[in-house]
Amino acid sequence: MVRIDGFAPLNNTLGHRNGDDLLHAVGLRLREMIDGLAQGAPGSEDHPGAGWRYHLAHLGGEQFVITVADSVGHDELVKIGRLAQHAITAASRSLAWIDGYQLKLNTIAGIVEGPATADGPGDEGDAERWLRNAHIAAEWARADRQPHAVYEPDRARADLYRHRLTAAMPDALDRGEFRPVFQPIYALADRTFIGVEAWPAGGSAATPLRWDRKNSSPQPNRPDSFAPSDGPSCARPAPTAAPGTPPATNC
C-alpha cells in the first residue's frame, strides 16, 4: 500500500479539482510502472500473460495498492514500493505547484507479505487482514519517519497490548490502582538507613508506579510493559544526609 502523506491538507490548499487531477496523474504513473514491470515478468502455464503477477488498485483518496503474486521475499516488495514512490513523485512535478513553488510530496508505503484471499463466503478472509496490516505498516513508516515499513506480527501484538493498557489507564487512576514504589538507601559504613529513592526505568528520573490491577487484564507485571528498563541506578547520598555521611550505593 502506497499513499501520499498529508494529502488532505494539501488537497484543501490545491483545491479539490487540482487534487483530483493530481491523483489521476499518480494513477497513470503507477499504471506505467506496473506495465513496465509486467513486460519483464515471465509467464507460466496457468498464466501465459506476462503481467499476471502485478495488479494495481485505487482504494480511494490518496491510497493505492499494488499486489504481487508469488512474491519472493520482502526485498522484492520493498523495491516495488520504492518504484511506486518515485512514480508518485514524478507525477507531482507538473501539478503540485502553489504560487510558483513546487511542492514536495511525501509518500509512505506499508508492505505485507502473505495470502490475500478469503477462505469462503462471509469470511473476513486474508484480504481484509492484509489491508488492515498494510495500513498498520504504513502508520509505522510515518511514526518512524521512514519511506516504508514491513508488517511484523510481533510488533503489531506489542502495539495492541500498549493500546489496551492506554485505554484501561483512566479508569485505573479513578480506582486508585497506581502506587509509587521506592527502595531504601543505606550508608555503607554502618548500614544506617538514610533515605529512599525511586527505581528509575531507562535512566528516567520520574518516580515509578506499580499498577495493581484488580479484576481485569492485561496485567502489566514487568517494568518493560511500558518502557525498556536498564535496571536500578546507583543511589546517591540523600540531600538531607548529615555532613560526612559516607556515600550510599545499591549497585
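The values are calculated or read from the model by the stated rules, or taken from the named source; none is laboratory data. What you see is a predicted model, and the numbers here were worked out from it, not measured in a lab. Positions of Cβ are generated from backbone atoms using ideal geometry, with glycine treated the same way; all protein chains shown enter the neighbour counts. Only protein heavy atoms, including side chains, enter the accessible area calculation; ligands, DNA and RNA are left aside. Shrake-Rupley method; radii C 1.70, N 1.55, O 1.52, S 1.80 Å.
Suppose accessible area is computed on protein heavy atoms with a 1.4 Å probe; arrange K79, K104 from highest to lowest.
The ranking, largest first, comes out as K104, K79.
Taking 0.36 nm per residue of separation and subtracting the Cα-Cα distance, what length does fully extending D159 through N12 add?
49.7 nm
Go through 147-157, 167-177, 23-33 and give me the packing order, highest mean Cβ count within 10 Å leading.
23-33, 147-157, 167-177
Expressed in nm to one decimal, what extension gain is obtained for the pair V72 and T192 from 0.36 nm per residue of sequence separation less their Cα-Cα distance?
Taking 0.36 nm per residue and subtracting the Cα distance, the gain is 36.6 nm.
Figure the gain on full extension for Q146 and A57 (residue separation times 0.36 nm, minus the Cα-Cα span) and round it to one decimal in nm.
29.7 nm
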